[in-house]
Amino acid sequence: MKRFIMLLSFITHLFHGKAQQDDFGKYPVYKGNDLGLIYTVESSTFKIWSPAAVQAELIFYTDGVGGEELKRAFMSKEKNGIWAVTINADMKGLFYVFRIKIKNKWLDEVPDPYAKAVGVNGK
């Protein structure tokens, strides 16, 4: 009986305890249609929406299966939680990922959610 009460207490706490919460209602809304990559031969502009980020960067690779980093560019914070950077070069054929910093911790690299193609296994 004692075990049952302990188990019931644990389950009650599990389902009624507070999970990690974030007030998504406080984040700004972005109504633009230019997130991801805007490519031209002369320049490429990269934009992501990440209002919780305190820093953001863009990392380029020549290979879609890991390999050596080719270039890194820090992104600038714009209005409504947008981070952007323009690279004044032809970036055709390169692979890129985003990385953001939230609460003094750099998160893992992620592919562009708006990309039409990605490297091997989404890298």
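The set of residues in the range 24-55 being under 17 Å from F95 (Cα atoms) and part of a strand (DSSP E or B) consists of G36, L37, I38, Y39, S44, T45, F46, K47, I48. Taken as a whole, the range 88-95 holds no residue that is over 29 Å from G25 (Cα atoms), surrounded by 15 or more Cβ atoms within 10 Å (Cβ to Cβ) and in contact with a Leu (Cβ under 6 Å, 6 or more places away or on another chain). For the range 11-41, residues that are more than 23 Å from K101 (Cα to Cα), modelled with pLDDT under 85 and exposed (fewer than 10 other Cβ atoms within 10 Å of the Cβ) total 6.
Residues in the range 42-71 that are open to solvent by 10 Å² or more (accessible area, probe 1.4 Å), more than 14 Å from the chain's Cα centre (by Cα) and either modelled with pLDDT of 95 or more or closer than 20 Å to Y30 by Cα (or both): E42, S43, T45.
The values are calculated or read from the model by the stated rules, or taken from the named source; none is laboratory data. Quick caveat, the model's predicted, so the values are computed rather than measured. Reconstructed Cβ throughout: ideal geometry from the backbone, glycine too, with neighbour counts over all protein chains shown. To get the accessible areas, we keep the full protein, side chains included, count just its heavy atoms, and leave off ligands, DNA and RNA. Shrake-Rupley method; radii C 1.70, N 1.55, O 1.52, S 1.80 Å.
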